[in-house]
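Beneath this line is the structure, given in structure tokens, with notes to follow.
The values are calculated or read from the model by the stated rules, or taken from the named source; none is laboratory data. Values in this document were obtained by computation on a predicted structure and should not be read as measured data. In this analysis, Cβ positions are derived from the backbone assuming ideal geometry, glycine residues included, and neighbour counts consider all displayed protein chains.
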Amino acid sequence: MSTTLGTTSAVAINDVSVRFRSKRAETTAIEQVSLDVAPGEFVSIVGPSGCGKSTLLKLVSGLLRPSSGSVTLLGEQVRGPRHDIGFVFQRAALLEWRSARRNILLQAEMRGMSSAEAGRRADELIEMTGLTGFENALPHELSGGMQQRVALCRALLHQPRVLLMDEPFGALDALTREQMNVELHRVWRETGTTVLLVTHSIAESVYLANRVIVLTQRPALVKEVIDVELPGERDYSATMARPEFAAATARIRDLLGAVTGHD
Amino acid sequence: MKPVSGDRWRGVAERSWRPAALLAACLVIWHLITVTGLVEAYLVPSPARTFDLLVDKWSYLWGHTWVTTYETILGFVIAGVLGVLVAVAMVYSRTVESTAYPILLFAQVIPKIAIAPLFVVWLGFGFEPKVIVAVLMAFFPVVISTVTGLKSVDAEMLELAATMGGGPVKTFVKIRFPAALPHLFAGLKVAVTLAVTGAVVGEFVGSNEGLGYVILQANGNMDTPMLFAGLIVISVVGILLFLLLDLAEQLMLPWHSSRRGAAVTTLLAKGGT
Ligand SMILES: Nc1ncnc2c1ncn2[C@@H]1O[C@H](COP(=O)(O)OP(=O)(O)OP(=O)(O)O)[C@@H](O)[C@H]1O
Ligand SMILES: [Mg+2]
């Protein structure tokens, strides 16, 4: 694993370990993981359930401190919650009393961004993610996919240079999920944001990413890094049909099968 | 937007007819008990006599109703403000929480009627002791419901707020407090009915005005119609204050009540299937 602390990395995880201490036991969630993500790169992270993927994203965002090792984000060591990122969780986590648009604008209000500019940017994102017509709907009036789009817009409002996504489409049906993948791919192509995506879907991880990081069973170690040899601009069905896609997904399935012992 | 479902007023009527029918049945039974002479008239007056008296002595009752309502509202507002402040302090400080909880619990379990005379001794026969008893009655549900509400906030939402960098004040104003409002309103509705009881208990102990005084006087004079009239007025005051809060909740939290169901449900749904 490369542990070089290049100033060129958007995210640099250096020899990080995380141990949780509870009354009953001490669990090591992450063991000496190192990872470099280049600016503008899309990296997917896959691994067995409970191996420490969410923990890894929380480390990068500064919501969690490592027990040892260090994390550098955009050239600056992470010491507490970082504000220069966008975060999307598995559940949309929307404020139920705010409309879709005002949920997106929460990001701006918390940051004290100028409201005129934030409004313009929100409208742009609403259009880009196909939420037009639902700006004033309350979360419980939106479908799961729409709620997740609102969460994505909220994470992108302040044009973060790094976007962290923790199983953002896990609760969606297969078809909506494919649509969201296509949308996310386009958003990523348009914004040039660095993305770290945790997912359980092997197809999703390959379709979207430049690289796929496969983690082992807890404590998480980097088992293998798969370079995805696909073109930058990816049409969904054409990509699915490519031999490189098939090879990469087969390899990941193999690795995950091997680490979970189901093979 | 709600799924389209008929006329709103028809919905209210559908929900109201059961409790209304029950109320009518109670009145009929009350009437029958008195006309058949099952119970002596001086023990239980007939509904007709009671309502006659309500009309005849309205100006007398009205003055006392106003006194009790004033004490109730004052006590309720003080309890509401104090309760929310204490709850916020408890949620944000472990030390405050562990220090305040036993005292709160003690203040709650001590019978108010047993300490009410003490306030009369200290503060005299004015409205102050009644307000204090009302506050003591109403305070606890406000604190408990607000603490529950503030703690019910989604942990991920708070993590998200941390990445947005708004600081604790903005996080409280924009996320935590609004999220606690449904719980807070539930507590306030319980509190307002308890505040009525508190004010009346305060009046029982030492007073020369208010509905508690009216009932005590009527009791002393064996004036059961007046006693019943006083009871009815007290209930009406309590119910109206409760409905007022229910309405405030619907206006302030349309996002919440639209899912809970419309108009006066909390009170009337109990009569439904
Ligand atoms: N706050 C915590 N306290 C104690 N243990 C924790 C805590 N958070 C996570 N863990 C443990 O760390 C391990 C990794 O958790 P994490 O949530 O990162 O897994 P994950 O890979 O995201 O799993 P999933 O795919 O199911 O979401 C788990 O075994 C979990 O029990
Ligand atoms: Mg997880």
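Which residue pairs have Cβ atoms closer than 8 Å, lie 6 or more positions apart in sequence or on different chains, and pair a first residue in segment A:144-155 that is among the β-branched types (Val, Ile, Thr) with a second residue that is modelled with pLDDT of 95 or more and part of a helix (DSSP H, G or I)?
Between residues of segment A:144-155 that are among the β-branched types (Val, Ile, Thr) and residues that are modelled with pLDDT of 95 or more and part of a helix (DSSP H, G or I), the close pairs are A:Val150/A:Ala100; A:Val150/A:Asn103; A:Val150/A:Ile104.
Does segment A:178-195 contain any residue that is touching a strand residue (DSSP E or B) at 6+ places or on another chain (Cβ under 7 Å) and under 19 Å from A:Gln147 (Cβ atoms)? Steps first, please.
Pass one, segment A:178-195, residues touching a strand residue (DSSP E or B) at 6+ places or on another chain (Cβ under 7 Å): A:188, A:193-195.
Next, only the ones that are under 19 Å from A:Gln147 (Cβ atoms) stay: none.
No, segment A:178-195 contains no residue that is touching a strand residue (DSSP E or B) at 6+ places or on another chain (Cβ under 7 Å) and under 19 Å from A:Gln147 (Cβ atoms).
Suppose we filter A:Glu26, A:Glu41, A:Glu76 for residues that are within 15 Å of ligand 1 (Cβ to nearest atom) and away from chain B (no Cβ under 14 Å); which single one remains? Can you show your working first?
Values: A:Glu41 fails: within 15 Å of ligand 1 (Cβ to nearest atom); A:Glu76 fails: within 15 Å of ligand 1 (Cβ to nearest atom).
Answer to the check: A:Glu26.
If we scan segment A:110-119, do we find a residue that is under 18 Å from B:Met157 (Cβ atoms), part of a helix (DSSP H, G or I) and within 11 Å of another protein chain (Cβ to nearest Cβ)? Break it down stepwise before answering.
Residues of segment A:110-119 that are under 18 Å from B:Met157 (Cβ atoms), as a first pass: A:110-111.
Imposing the further condition that a residue be part of a helix (DSSP H, G or I) reduces the set to A:110-111.
Applying the additional criterion that residues be within 11 Å of another protein chain (Cβ to nearest Cβ) yields A:110-111.
Scanning segment A:110-119 turns up at least one residue that is under 18 Å from B:Met157 (Cβ atoms), part of a helix (DSSP H, G or I) and within 11 Å of another protein chain (Cβ to nearest Cβ).
Go through segment A:35-92 and tell me which strands (runs of 3 or more DSSP E), entirely inside it, have 1 or more residues that are without any contact (Cβ under 8 Å) to a residue 60 or more places away in the chain, away from ligand 2 (no atom under 16 Å from the Cβ) and within 15 Å of A:Asn14 (Cα to Cα). Break it down into steps so the answer makes sense when it comes.
Details: elements: A:42-46, A:68-73, A:85-88.
The strands (runs of 3 or more DSSP E) meeting that bar are A:68-73.
How many residues are buried (at least 16 other Cβ atoms within 10 Å of the Cβ), of a type outside the set (S, T, N, Q) and more than 12 Å from every other protein chain (Cβ to nearest Cβ) when one looks only at segment B:129-171?
Going through segment B:129-171 one residue at a time, the tally reaches 19.
Restricting attention to segment A:173-190, does a residue exist that is part of a loop (DSSP other than H, G, I, E, B), away from ligand 2 (no atom under 16 Å from the Cβ) and over 23 Å from A:Gly40 (Cβ atoms)? Don't jump to the end; show me each part of the working.
Start the filter on segment A:173-190 by keeping residues that are part of a loop (DSSP other than H, G, I, E, B), which leaves A:173.
Next, from what is left, pick out any that are away from ligand 2 (no atom under 16 Å from the Cβ): A:173.
Then keep just the ones that are over 23 Å from A:Gly40 (Cβ atoms); that gives A:173.
There is at least one residue in segment A:173-190 that is part of a loop (DSSP other than H, G, I, E, B), away from ligand 2 (no atom under 16 Å from the Cβ) and over 23 Å from A:Gly40 (Cβ atoms).
Here is a yes/no grid of residues against (1) within 14 Å of chain B (Cβ to nearest Cβ); (2) at pLDDT below 90; (3) buried (at least 21 other Cβ atoms within 10 Å of the Cβ):
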residue: A:Asp123; (1), (2), (3): no, no, no
residue: A:Glu127; (1), (2), (3): no, yes, no
residue: A:Glu141; (1), (2), (3): yes, no, no
residue: A:Val150; (1), (2), (3): yes, no, yes
residue: A:Arg154; (1), (2), (3): yes, no, yes
residue: A:His158; (1), (2), (3): yes, no, no
residue: A:Met165; (1), (2), (3): yes, no, yes
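Please state which of the following conditions A:Ile213 fails to meet, knowing it meets all the rest: (1) surrounded by fewer than 24 Cβ atoms within 10 Å (Cβ to Cβ); (2) of a type in the set (Val, Ile, Thr); (3) over 21 Å from A:Gly130 (Cβ atoms).
(1)
Return the pair list, or none, for Cβ contacts closer than 6 Å from residues in segment B:243-262 that are within 14 Å of chain A (Cβ to nearest Cβ) and modelled with pLDDT of 85 or more to residues that are outside any loop (DSSP other than H, G, I, E, B) and surrounded by 13 or more Cβ atoms within 10 Å (Cβ to Cβ), at least 6 apart or on different chains.
Every condition considered, the pairs that remain are B:Glu249/B:Phe185; B:Gln250/B:Ser257; B:Leu253/B:Leu181.
Give segment B:207-227 a look and list any residue that's within 14 Å of B:Glu71 (Cα to Cα) and either crowded, with 19+ Cβ neighbours inside 10 Å or free of Cβ contacts under 8 Å to residues at least 24 places away in the same chain (or both), or say none.
B:Ser207, B:Gly210, B:Leu211, B:Gly212, B:Tyr213
Which one is farthest from A:Ala38 (Cα to Cα) among residues in segment A:7-16 that are without any contact (Cβ under 8 Å) to a residue 60 or more places away in the chain and either within 16 Å of ligand 1 (Cβ to nearest atom) or outside any strand (DSSP E or B) (or both)?
The residue in question is A:Val16.
Based on what the data block shows, is A:Ala174 farther than 24 Å from A:Asp36 by Cα and touching a helix residue (DSSP H, G or I) at 6+ places or on another chain (Cβ under 7 Å)? If you could, list the steps in order and put the result at the bottom.
Values: farther than 24 Å from A:Asp36 by Cα: yes; touching a helix residue (DSSP H, G or I) at 6+ places or on another chain (Cβ under 7 Å): no.
Spelling it out, it is not the case that A:Ala174 is farther than 24 Å from A:Asp36 by Cα and touching a helix residue (DSSP H, G or I) at 6+ places or on another chain (Cβ under 7 Å).
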